Each structure stands twice: as C-alpha cells, then as structure tokens.
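All remarks here apply to the structure that follows.
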Protein chains: 2
Amino acid sequence: MVQDYHKVQLDENDMPKKWYNIVSDLKTPLDPPVNPATGQVATAKELEPVFAKELIRQEMSTDQFIDIPPEVLDILKAFRPNPLRRAVMLEKYLKTPAKIYYKYEGESPTGSHKTNSSIPQVYYNMKQGVERLTTETGAGQWGSALAFACNHFGLESMIYMVRSSYAQKPHRKTLMNLWNGKVLASPSTNTEFGRRVLKETPDTPGTLGIAITEAVEDALSTPNTRYTLGSVLNHVMLHQTIIGLEAQKQFEMIEDYPDYVIACCGGGSNFAGLAFPFVKDKIDKNLDTQIIAVEPESCPSLTQGEFRYDYGDTGAMTPKLKMYTLGCEFVPPSMHAGGLRYHGCSPIVSNLYADGLIKAEALGQKDIFNAGIIFSQTEGITAAPESTHAICSAINKALECKKTGEEKTIVFNLSGHGLLDMSFYQEFLEGKIQ
Amino acid sequence: MVQDYHKVQLDENDMPKKWYNIVSDLKTPLDPPVNPATGQVATAKELEPVFAKELIRQEMSTDQFIDIPPEVLDILKAFRPNPLRRAVMLEKYLKTPAKIYYKYEGESPTGSHKTNSSIPQVYYNMKQGVERLTTETGAGQWGSALAFACNHFGLESMIYMVRSSYAQKPHRKTLMNLWNGKVLASPSTNTEFGRRVLKETPDTPGTLGIAITEAVEDALSTPNTRYTLGSVLNHVMLHQTIIGLEAQKQFEMIEDYPDYVIACCGGGSNFAGLAFPFVKDKIDKNLDTQIIAVEPESCPSLTQGEFRYDYGDTGAMTPKLKMYTLGCEFVPPSMHAGGLRYHGCSPIVSNLYADGLIKAEALGQKDIFNAGIIFSQTEGITAAPESTHAICSAINKALECKKTGEEKTIVFNLSGHGLLDMSFYQEFLEGKIQ
C-alpha cells in the first residue's frame with residue numbers, strides 16, 4: 001500500500017513567531033544560579049561581562065512567550081519550518097502498529113538544531129555592539145552554528161573545540177573555517193586554564209567543561225567580547241522551542257497527538273526544543289504523554305547524577321547551577337557522540353525530571369549504532385551519533401507496540417545529520433567498536 | 001527589509017506523476033546508438049544482457065510523457081518535492097537586482113539528484129527479477145544512490161569507484177557500505193579490463209570511462225546481473241526531469257519565469273533534469289530563455305569536444321553514441337569535481353547544443369571554489385564541487401545584471417551538498433589549490 005503522506009509541511013509564514021518560556025509553568029520554582037564568589041544569587045549585573053544583556057533578560061524572564069525578532073525569523077525561514085516527517089519506511093521495516101514521526105533538524109546550514117539559538121544569540125550581541133564571541137564546542141555542531149551566525153552578522157568567532165572531537169571530526173573545523181571561525185583544540189595554550197590542564201594532564205581528551213572555562217576566560221580578558229553557550233542555559237532552551245511549537249501545529253494539521261516524545265539529551269537543548277511545548281500540554285491538560293530524555297550510558301547525568309548545585313564548567317568560572325550532575329570534574333570517555341559528553345544537564349530539564357514530568361533512560365553505544373544503521377537504510381538519513389540515541393529509543397518503543405499491538409504515536413527529534421561524523425559509522429562497520 | 005518568502009513549497013501530492021521525454025520534441029531527430037560489432041543501429045535485443053527491458057524501452061521511447069510508477073513516487077515522496085528556494089541572502093550580498101532561485105537536490109538520502117534515477121532503475125530491475133546490479137561512480141554520488149536503492153529493493157550492488165575519488169572521498173565508500181554496497185577502486189583486479197589497465201598504467205587516477213567498462217564486463221559475466229548508468233543515457237535524463245517539472249509548477253505559483261536556467265554538466269543528468277522542461281517551453285512558445293550547461297575547464301566536452309560517434313567507455317564495450325566527446329581515451333586531470341570527469345556528454349544534451357537550443361560554458365577550479373565559499377557563507381549550504389560550477393555561473397549572471405540594472409530571473413540546479421567533499425574546501429583554504 002502506498003502511504004498517503006510522508007511529510008506534514010507548515011508554510012513558512014505560519015512559523016511560530018514567539019518562543020515558549022517554560023519557566024512560567026514549572027511546578028517547582030527554578031533554583032537560580034549562584035555566584036560562587038558571594039554565595040548569593042547571581043545578578044544580571046554580574047553576568048553582563050559574560051553575556052549580552054538581552055540574553056540575560058531572557059535567562060531570567062518568567063514571561064510565558066517571548067517575541068522572535070523579525071530579523072531572526074527571516075534567516076530561520078531559509079531552512080524552517082521543517083516538515084514533521086512520518087518514518088514510513090522504518091515503520092514497514094519494523095512491522096510495528098505504532099506511528100513514528102520525527103522532526104529533522106539536519107537541514108540547517110550546520111546540519112543540526114544549533115542554529116536555532118546561534119542566530120538569535122549573535123543577533124542580540126550584534127545589536128549591543130559586541131564585536132567578538134567565544135564559545136566551546138563538543139562535536140562541533142554548536143561551534144559551526146556560532147561561526148555561521150557570526151559570519152552572517154559580521155562578528156568574529158573564537159571556538160574552543162574539545163580535543164577528542166577536534167581529532168575525530170576534522171571537517172567540522174573546515175566548516176567553521178569556511179565561515180571565518182577561529183578554532184583551537186581544547187585544552188589550548190591560549191588561556192591560563194588551558195595551559196594548566198595541559199601541564200597536569202597532557203593526554204586529556206578534553207571535556208566540554210574545560211572548553212567552557214577557556215571560552216569564558218577568553219571573553220572576560222578580551223575587549224568587546226562576550227561568551228555564548230549552545231546548551232544548558234534557560235535562554236538556549238527557549239530558542240529551541242521553535243521545534244516543538246512547529247511540531248504541535250503539524251500534529252494539529254493531521255489531527256494526531258504523540259503518546260511518546262523522545263530526544264537525546266546532553267546539555268538538554270534539542271530535548272528541550274521538542275519537548276517543552278508538549279510538557280506544557282501535559283501540565284495544562286493533565287495528559288499522560290511519556291516525555292523521554294535519552295542519554296549515553298557513558299555520561300548518564302540524569303539517570304546516575306545527583307541533583308545539586310554544581311559549576312557549569314571544569315575551571316569553576318561560571319555561576320553554580322542547580323542541576324543533575326556527575327560532578328564538574330567528571331571526564332567522560334572519548335566517544336563519537338561528543339555533543340553528549342557534558343557532566344551536567346540543563347537546570348530546567350533537571351527541574352522537570354525531579355518533578356516527574358519527564359523520564360530519562362541511558363543507552364549503550366552498540367545499540368545506538370545499530371539503530372543508526374537501520375534508520376539510514378530505511379529512511380535514508382544518516383544521523384549524527386547523538387541523534388541515534390533518540391532513534392534507538394523510538395525504535396524500542398515501536399517494538400514494544402509490536403508486542404502489545406498498541407497503535408501508539410511516537411515523535412522524536414532527529415537533531416542532526418552524521419555526514420561529518422562518518423568515522424563513527426566506519427569504525428563500527430570495521431568492528432573497531434563493540 | 002524582510003523577504004516575503006524564501007521557499008516556494010509544492011505539496012507532495014502535487015508532485016509530477018509523469019516524466020518528460022524530450023526526445024519527442026527535438027528539432028533534429030536523435031542519432032541512435034550503434035553496435036560497434038555490426039556497425040548497425042543497436043537493437044533492444046542486443047542491449048538486454050546489459051540493461052533491464054523497461055529501461056531499454058524508455059531509452060528508445062518517443063512518448064512525450066512516461067508514467068512514474070506509484071511505488072517509485074512513494075519513495076521519492078520521502079524527500080521530494082523539494083522547495084524552489086530564493087537565494088535571498090546571496091542576492092543581498094551581491095547587491096544584484098536579479099532574482100536568484102535554485103532547486104536543492106542535496107536533501108535526498110545520498111545528498112544529490114542521483115536517487116531520482118537510481119530508485120526507478122533498481123525498481124524496474126527488481127520487477128524483472130534481476131538480483132544484482134553493477135555500476136561505476138565518479139565522486140561517489142551515483143554509487144551511493146545505487147547502493148541505497150538496491151538496499152531498499154533487496155538487490156546486491158557492486159560499485160566500481162574511480163580511483164582518484166576513492167582516495168579523496170573515503171566516507172562516500174562508508175555510505176555505500178552502510179547500504180550494503182560493495183565498492184572497489186577502479187581500475188580493479190576484479191575484471192580483465194581493469195587488470196589490463198593496471199598493468200599498462202599502474203599509477204592511473206582512473207576515469208569514469210574505465211570504470212564503466214569494468215562494470216559492464218562484470219554484469220555480462222555474472223549470472224542474473226545487469227548494469228546501470230547514472231548519467232548520459234536517455235532514460236537517466238528522463239528520470240531527472242522531475243526536477244524541472246517541479247520547478248515549472250513552483251514558478252507558476254509565484255507568477256515568475258526564469259530568463260536563465262543553469263546547471264553543471266558532466267554526463268548531463270542534473271543539467272537535463274532542470275533544463276529539459278524549460279527547453280520544451282522554449283521550443284513550444286518560442287522563448288529566448290538562456291539555458292546554460294556549465295562544465296569544468298579541465299574536462300570541456302561541450303565547449304572543446306567534437307560532435308561525433310564515440311564509445312561511452314574506455315574499453316569500447318558499450319554501443320557507440322553520437323555526442324560531444326574529448327575521445328573515450330581522454331584522461332581528465334584528477335580534480336575535486338569527480339562527477340564531471342567524463343569524456344563525453346549525453347547524446348540528447350549534445351543534440352540540443354548542436355541545434356543551438358542550449359549554451360555551454362567552461363569554468364576554472366579557483367572561480368568555482370570562490371563561488372562555493374560565497375554561497376556557503378550566505379545561503380548556508382556547502383555545495384558539492386560539481387554544483388559550485390552552477391553557482392559560479394549564476395553569480396556571474398547576477399553580477400552582469402548589477403552592471404546593466406536588469407531585473408532578470410535566474411534559476412540554477414544545486415545538484416548536491418559537499419559535506420562528504422570537505423577536503424575540496426580544506427585544500428583550497430590551505431592554499432594547496434590555486
């Protein structure tokens with residue numbers, strides 16, 4: 001039988017014009033960031049040397065919706081809204097009665113959801129007159145997103161890329177260079193903190209926590225420079241909600257609604273992007289939607305971490321955040337899903353998890369690889385290693401439906417393509433990773 | 001000013017349901033393929049050991065439109081129709097009064113237009129009971145498209161990949177392996193012809209012509225195996241016309257029409273795909289649309305070749321085709337746009353060129369690279385080296401409009417992304433290629 005449709009397409013003029021700020025709807029009020037120097041709640045003023053003012057305002061805002069500037073919408077419209085896709089060929093392969101949908105964020109300039117936040121972040125910095133931005137990057141997705149947006153708005157970008165990814169993904173660096181981004185392997189000799197880490201542990205694969213410290217140190221010590229973060233913080237989660245807001249409109253168009261909402265989770269941004277608007281529905285309408293954050297077994301902050309105040313970085317330069325954490329000095333093993341190698345998890349995602357509004361599960365590298373292969377062979381999209389965590393979980397749920405015969409509706413976030421991560425697939429095909 | 005729209009979106013149910021066969025509309029009748037053994041026109045019967053019967057029927061058909069099978073449409077709908085995109089950010093950068101549109105074929109499973117033909121080709125072979133397909137591939141785009149389609153329909157695929165590309169693009173091989181394709185560097189020791197070439201010229205970078213001979217030899221000497229070609233032949237041009245047919249519908253939706261239709265041209269398939277439906281309009285309505293095939297300076301079959309009968313391959317195993325050719329023994333220099341390293345050009349494209357219905361131009365590697373950089377920085381799509389030829393020509397036309405002040409409408413075919421060709425960009429950024 002030929003399928004009625006593969007894609008639910010939203011017109012670009014029907015793209016959401018406001019982001020959803022879930023802080024306004026939390027069951028338990030969010031614990032604020034704490035300035036380690038004072039032991040007190042960090043003030044906007046204290047954050048201003050690090051972040052653009054408008055981003056701090058968004059970070060602390062309790063408004064339920066926040067307008068997306070027309071100039072930001074205009075660029076997003078070059079590659080958004082993306083369709084809600086039905087995984088027709090995967091469903092057939094699995095012989096499941098479940099309906100599997102996904103949002104595919106890989107059609108952005110950088111191949112992931114990260115541009116959803118880099119574009120507004122650079123825009124607000126540009127408006128404020130900032131001329132140079134620093135950041136860290138794991139797999140290179142956020143770094144390239146920042147480089148693209150900086151190039152667009154005419155700012156310089158300086159990217160500290162976690163050393164293990166820098167070695168594994170040379171073409172991510174090429175992409176950043178193409179957009180005039182400057183890239184250093186972290187730890188680097190460019191910062192005091194980087195030099196110290198290199199002296200103490202010359203063979204370290206690096207971590208996101210180390211790279212964040214370097215990027216913050218650089219921003220604080222260079223004129224007219226600010227720091228940007230691609231995940232974890234409230235304003236980043238906010239910008240990503242455009243994914244779930246689009247998906248809600250698209251489900252309305254086909255008169256369906258998900259029983260499962262699934263995304264991979266490192267710092268939390270792509271998870272938040274798809275999930276938060278559905279969490280709102282769950283709260284407002286008392287639904288029993290299963291909303292699941294999927295993390296790697298080797299870096300299980302939600303499923304194995306503690307919910308407490310911790311630093312966002314390894315060098316303890318950032319405010320302390322109340323979050324699920326493995327400890328800011330935790331060094332996850334080098335792995336292909338570099339974007340998930342973060343010791344903590346977004347304070348908002350942590351808050352929702354503590355309140356039982358969302359669930360979490362941890363998956364192993366072999367399972368997520370096999371899911372990636374099945375998905376590539378059926379749907380024809382070769383996913384980023386991070387995103388295969390979500391695919392794997394969605395497949396598991398679809399196979400449960402096959403056992404029970406239930407026609408559940410599943411949606412997951414395919415946060416990016418893996419075309420610059422092909423060594424992930426190559427090493428598995430060669431049996432180098434078990 | 002914020003742009004009204006970036007993308008003209010066609011609903012998937014409005015996707016063309018027939019391919020357009022331009023053979024029915026040519027000014028000069030097409031010269032048929034000749035069997036070198038007999039010196040006579042090749043018969044369908046003679047071609048049956050090489051190609052599936054339905055593909056031979058299409059190759060020889062003079063029907064103006066040919067139905068696309070529903071099973072083929074169903075898979076194409078997973079990634080088609082793609083939007084007609086307006087290059088809003090490129091136009092701003094160039095400060096041109098021209099309107100620049102493009103069709104982007106990079107969102108297919110393999111990242112190029114090649115799946116438009118691999119899916120029907122494998123489908124018809126499957127229907128006929130063929131179990132194994134062979135082919136050649138240059139940049140790896142066609143090889144991966146064949147592997148994807150074979151995996152989907154349950155056939156084996158055996159791909160001879162031109163040696164220079166095999167070395168430059170290891171991850172194209174990974175992609176083919178992921179879809180269960182078998183890949184050998186060509187010339188290989190797997191065929192008599194390959195062994196002969198290796199003995200005579202051990203250091204050859206390989207050519208598409210050599211790889212074709214190997215793939216045909218393999219098909220002829222292996223049970224229940226057929227050969228498939230990703231370009232040049234009439235039935236391949238036919239399958240690609242879905243691109244231009246979609247674009248025509250999309251231009252109707254915005255009440256615009258192109259003055260320039262541009263695509264890169266090696267064997268001719270992506271050029272044909274966009275251009276042929278517009279050539280039909282040009283003939284039917286006596287329009288003065290400029291339809292331009294862009295080739296590399298280093299392999300200029302249309303602009304420098306002779307229009308005569310020649311072999312399609314180096315080993316002289318294929319029928320002779322009347323086409324513009326540099327000679328079937330011509331070895332183009334190793335270059336990044338491996339998909340354009342073919343000594344000849346599609347007989348239909350050659351016929352149109354000889355009749356003055358289309359134009360051709362040749363561009364150098366430095367110019368096309370610079371165009372690729374500009375496009376990546378503005379539109380955010382990092383194009384395949386082949387496709388940057390079309391981008392470069394479109395930019396040149398837009399800059400002419402800037403001089404004259406004319407508000408011309410340009411459309412080009414962005415035949416694929418360059419995410420598996422990043423060494424192209426890396427080597428240029430490092431100054432290794434001048």
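Here are a few things to note about the model shown:
- If you go through the range A:371-402 and pick out every residue that is within 17 Å of residue A:88 (Cα to Cα), touching a helix residue (DSSP H, G or I) at 6+ places or on another chain (Cβ under 6 Å) and not small (Gly, Ala, Ser), you end up with 8.
- Only listed residue being of a type outside the set (D, E, K, R), open to solvent by 10 Å² or more (accessible area, probe 1.4 Å) and assigned to a helix (DSSP H, G or I), chosen from A:220, A:238, A:229: A:220
- Residues in the range A:156-179 that are within 14 Å of chain B (Cβ to nearest Cβ) and open to solvent by less than 10 Å² (accessible area, probe 1.4 Å): A:157, A:169, A:172, A:174, A:175, A:176, A:178, A:179.
- Helices (runs of 4 or more DSSP H) wholly inside the range B:323-421 that include at least 3 residues being open to solvent by less than 20 Å² (accessible area, probe 1.4 Å), in contact with a strand residue (DSSP E or B) (Cβ under 8 Å, 6 or more places away or on another chain) and of a type in the set (Gly, Ala, Ser): B:385-404
- Selection status of residue A:98, within 12 Å of chain B (Cβ to nearest Cβ) and at pLDDT 95 or above: no
- Per-region count, the range B:333-369, residues at pLDDT 95 or above and among the polar types (S, T, N, Q): 3
- Those residues of the range A:422-434 which are open to solvent by 70 Å² or more (accessible area, probe 1.4 Å) and within 14 Å of chain B (Cβ to nearest Cβ), in sequence order: A:429, A:430, A:432
- Any chance residue A:87 is within 10 Å of chain B (Cβ to nearest Cβ), of a type in the set (A, V, I, L, M, F, W, C) and buried (at least 24 other Cβ atoms within 10 Å of the Cβ): yes
- When the criteria are applied in full, residue A:254 meets the requirement of being more than 28 Å from residue A:129 (Cα to Cα), within 14 Å of chain B (Cβ to nearest Cβ) and either open to solvent by 50 Å² or more (accessible area, probe 1.4 Å) or not basic (Lys, Arg) (or both).
- None of A:103, A:53, A:114, A:45 is closer than 27 Å to residue A:315 by Cα, of a type outside the set (Ser, Thr, Tyr) and buried (at least 24 other Cβ atoms within 10 Å of the Cβ) except A:114.
- Strands (runs of 3 or more DSSP E) wholly inside the range A:89-184 containing at least 3 residues that are among the aliphatic types (A, V, I, L, M): A:156-162
- Flag if residue A:55 is closer than 28 Å to residue A:144 by Cβ and either away from chain B (no Cβ under 14 Å) or modelled with pLDDT under 95 (or both): yes
- Residue match in the range A:224-238 (condition: farther than 29 Å from residue A:275 by Cα and of a type outside the set (Lys, Arg)): yes
- If you go through the range A:187-204 and pick out every residue that is open to solvent by less than 60 Å² (accessible area, probe 1.4 Å), more than 25 Å from residue A:154 (Cα to Cα) and not in a helix (DSSP H, G or I), you end up with 3.
- Selection status of residue A:184, more than 12 Å from chain B (Cβ to nearest Cβ), farther than 21 Å from residue A:49 by Cα and open to solvent by 10 Å² or more (accessible area, probe 1.4 Å): yes
- Hits in the range B:271-322 (condition: open to solvent by 10 Å² or more (accessible area, probe 1.4 Å), within 16 Å of residue B:261 (Cβ to Cβ) and in a strand (DSSP E or B)): B:290
- Within the range B:120-139, not a single residue is modelled with pLDDT of 95 or more and within 11 Å of chain A (Cβ to nearest Cβ).
- Any hit, the range B:9-20, residues being more than 14 Å from every other protein chain (Cβ to nearest Cβ) and open to solvent by 40 Å² or more (accessible area, probe 1.4 Å): yes
The values are calculated or read from the model by the stated rules, or taken from the named source; none is laboratory data. Bear in mind that the values here come from a model prediction, so they are computed numbers and not experimental data. Because the Cβ atoms are built from the backbone with ideal geometry, glycine has one as well, and the counts that use them run over all protein chains shown. These area figures cover heavy atoms from the full protein model, side chains too; ligands, DNA and RNA do not enter into them. Shrake-Rupley method; radii C 1.70, N 1.55, O 1.52, S 1.80 Å.
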